[in-house]
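Read the structure below first, then the notes.
The values are calculated or read from the model by the stated rules, or taken from the named source; none is laboratory data. Bear in mind the structure is a predicted one, so any value in this text is a computation, not a measurement. Cβ placement follows ideal geometry from the backbone for every residue including glycine, while neighbour counts extend to all protein chains displayed.
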Amino acid sequence: MPVPVPDASHRPASLRDYAYDALRTAIVAGTLAPGEKLRDAELESWLGVSRTPIREAIARLETAGLVRTERARHTIVAPLDERAALNAQAIAASLHELAAREAVAQLTTADLDHMTAANDRFRAALAVNDVDAAIAADDDFHAVAVRASANELLPALLEQVTPLLRRLERARFSSLAGRASVSDHEHIIGLCASGQAAETGSAVRENWLTLGRMLATAAPDTH
């Protein structure tokens, strides 16, 4: 179960953050499969860091619901949990609504151009059924409002819930072609450009809730 290790030249200053980012990415992408044991010695070898930052990273991953400690002995990748992911989606929808409402008055022409470019990448990814690229572009689209909101709490709160949702989304869909998010995004950009903060927030929330409803109807019951 080789973990894809990022280029060492791009490591963040914190080895804990480096270990966390690498493990989170591998779990969300499915490289580390549900139920797989995480052994300290193997992780130390793969990531090239000591046990301390790895255990700190695993503690964060456990808080986020991505790993689980069994009988205080073994740490495993948490099983896919549809209910937990949908709960996370509901929280993400509310947080993104808040970000959008606070961001509209601060958005620049460059921000709107960035959103349009991200939506263009999203459309292109959907056209070729590239789930990873579509999710990355969707994240880029919504990240504009999160940054512009200047609410310092939002990124950390979203980090707690988004990986659970994205993990299930990647696992359940071989294609995202049925999603209406391209047109949703276009509508959101138009509302942002016209300065309609409340309406933008509602549209962003609906966009995230639509994703949740698709997960609920498309994903098989895991219980």
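For the structure I just gave you, tell me whether Ala110 is modelled with pLDDT of 90 or more, outside any helix (DSSP H, G or I), surrounded by fewer than 20 Cβ atoms within 10 Å (Cβ to Cβ) and of a type in the set (Gly, Ala, Ser).
no
I'd like to check something: does the stretch 61-69 contain any residue that is in contact (Cβ under 8 Å) with a residue 12 or more places away in the chain and basic (Lys, Arg)?
No, the stretch 61-69 contains no residue that is in contact (Cβ under 8 Å) with a residue 12 or more places away in the chain and basic (Lys, Arg).
For the stretch 120-140, name all the residues that are surrounded by fewer than 16 Cβ atoms within 10 Å (Cβ to Cβ) and under 17 Å from Leu164 (Cα atoms).
Within the stretch 120-140, Asp132, Asp139 meet the criteria.
In the stretch 105-125, what residues are touching a Ser or Thr at 6+ places or on another chain (Cβ under 8 Å) and within 21 Å of Leu168 (Cβ to Cβ)?
Phe122
Given the conditions (1) in contact with an Asp or Glu (Cβ under 6 Å, 6 or more places away or on another chain); (2) in contact (Cβ under 8 Å) with a residue 12 or more places away in the chain, which single one is not true for Arg51?
So the condition that Arg51 fails would be (2).
For the subset of the stretch 26-58 comprising residues that are closer than 15 Å to Ser14 by Cα and hydrophobic (A, V, I, L, M, F, W, C), which member is surrounded by the fewest Cβ atoms within 10 Å (Cβ to Cβ)?
Within the stretch 26-58, the match that is surrounded by the fewest Cβ atoms within 10 Å (Cβ to Cβ) is Val49.
Have a look at Gly178, Gly190, Gly195, Gly201 and point out the one that is at pLDDT 95 or above and not in a helix (DSSP H, G or I).
Just a single option satisfies the conditions, and that option is Gly195.
Condition test on Ala156, is it part of a helix (DSSP H, G or I), at pLDDT below 95 and surrounded by fewer than 16 Cβ atoms within 10 Å (Cβ to Cβ)?
Considered against the rule, which asks whether it is part of a helix (DSSP H, G or I), at pLDDT below 95 and surrounded by fewer than 16 Cβ atoms within 10 Å (Cβ to Cβ), Ala156 comes out as yes.
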